[in-house]
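Working notes for the structure below.
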Amino acid sequence: MVIKINMVGLLKDKIMNFITDFDLGDIHVDCKEKHYETSVDIDGDGDKVDDLIRDLYTEFKPNIYGTNEENIYKAVFELLKFKKLKLAIVEDVSAGRLCSELIGANYDINDVLLEGIVCFSDESKCVRLGVDRAFFDTHTSQSVECSYELASGMIMTSSADLVIATTGFADVNSPDNGKCFIAVGDRDFIHVFKHHFEGSKNHILQQISKFAFLHLIKKIRENDFDFVENVI
C-alpha cells in the first residue's frame, strides 16, 4: 500500500535528510518536489510505516496539508465542498493568482468560491471594502494592519464563511521584496501570517498562493493553526 503525504514549502533534500535517519527496512520512500509542493510516497505496511508517518507529522506538521492529494488547490476545494463552506478572496500583492489557481485546478468552482477581487489602489480598498480613508494616513497597503482590514471588510460585506486576503511586496526592485502578509479567517477571528519569500516575482506569487491555501486548510480543520513566529 502506498501512502502519500503532501507538504508545502519544504525542500526535498530536507525531508530526505530526515528520513535517512529512520530505519526503513523494507519500506520504499519516494520524494517529489515541484513548485513549492513536496510529496512523500511511502510504500510498505506494518508498524514501521506507522512510525515513519508519525515521525513525519511530528517533524513537519506546519507544512503538511493532507495525504494522497493531487495538489493543494484540489485539496482545499474538496475540503470546502465537503464542509459546505463558501470562500471569498481579496488580493493585492497576489494580483488574482489565488483565484486563478483555484479555478484552474477544479470544476464546479461555484460550489466553493463566492467572490474574488483584486484590490490594488487605496481607493478600491476604501470604496469596495469599507476601509476608513484615514487608515492610510498611518498605515501602508503592504502591512499587517492592511491585510487584516481587507479580510475584515470582505467577510463583513459578503455572505462568505471564510476569507483570505493578501498584501505585501513582489518586486525585485524593492528592498522589501518577498515580504508578504496573508490574512485568513471567518466572522469570529482573523489571523495574519507574516512570510518572507525569496525568488522571482513568479516564484513569490506561487509561494503566496500555496501558503494561503495551506493556512486556510488548517483553519477549516477545527482552527488547527500552527502558533509559531510567523503568526501575527
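Rule-based calculations on the coordinates, nothing more; no lab input. As the structure is a prediction and not an experimental result, all values here were calculated from the model. Using ideal geometry, Cβ is built from the backbone for each residue, glycine included, and neighbour counts are taken over all protein chains shown.
Here the spin labels are modelled as points 7 Å beyond Cα on the Cα-Cβ line, and at Thr20 and Asp55 they lie 1.4 nm apart. Within the chain, the longest run free of exposed loop sites, counting trypsin sites (Lys or Arg not before Pro) that sit outside DSSP helix and strand states (H, G, I, E, B) and have at most 13 other Cβ atoms within 10 Å, spans 85-186.
For the range 2-67, count all C-alpha to C-alpha pairs, find those more than 15 Å apart, and express that count as a whole percent of the total. Within the range 2-67, distances greater than 15 Å cover 44 percent of Cα pairs. Evaluating 6.51 cos²θ - 1.76 cosθ + 1.60 at θ = phi - 60° for every residue in the range 65-78, the Karplus couplings come out as 10, x, 10, 6, 9, 6, 7, 5, 5, 6, 4, 5, 4, 5 Hz, glycine and proline recorded as x. Take the Cβ atoms of Ser159 and Tyr107, set R0 to 30 Å, and the FRET efficiency comes out at 0.85. When the GluC sites (Glu not before Pro) in the range 1-96 are filtered for DSSP coil states and for at most 16 other beta-carbon atoms within 10 Å of their beta-carbon, the remaining sites are Glu70.
Taking the range 84-100 and a reference point 7 angstrom along Cα→Cβ of Ser200, the backbone N atoms nearer than 19 Å belong to 94-98.
Within the shell defined by Cβ-Cβ distances under 14 Å, the residues around Asp188 carry a net charge of -1, with Lys and Arg each +1 and Asp and Glu each -1.
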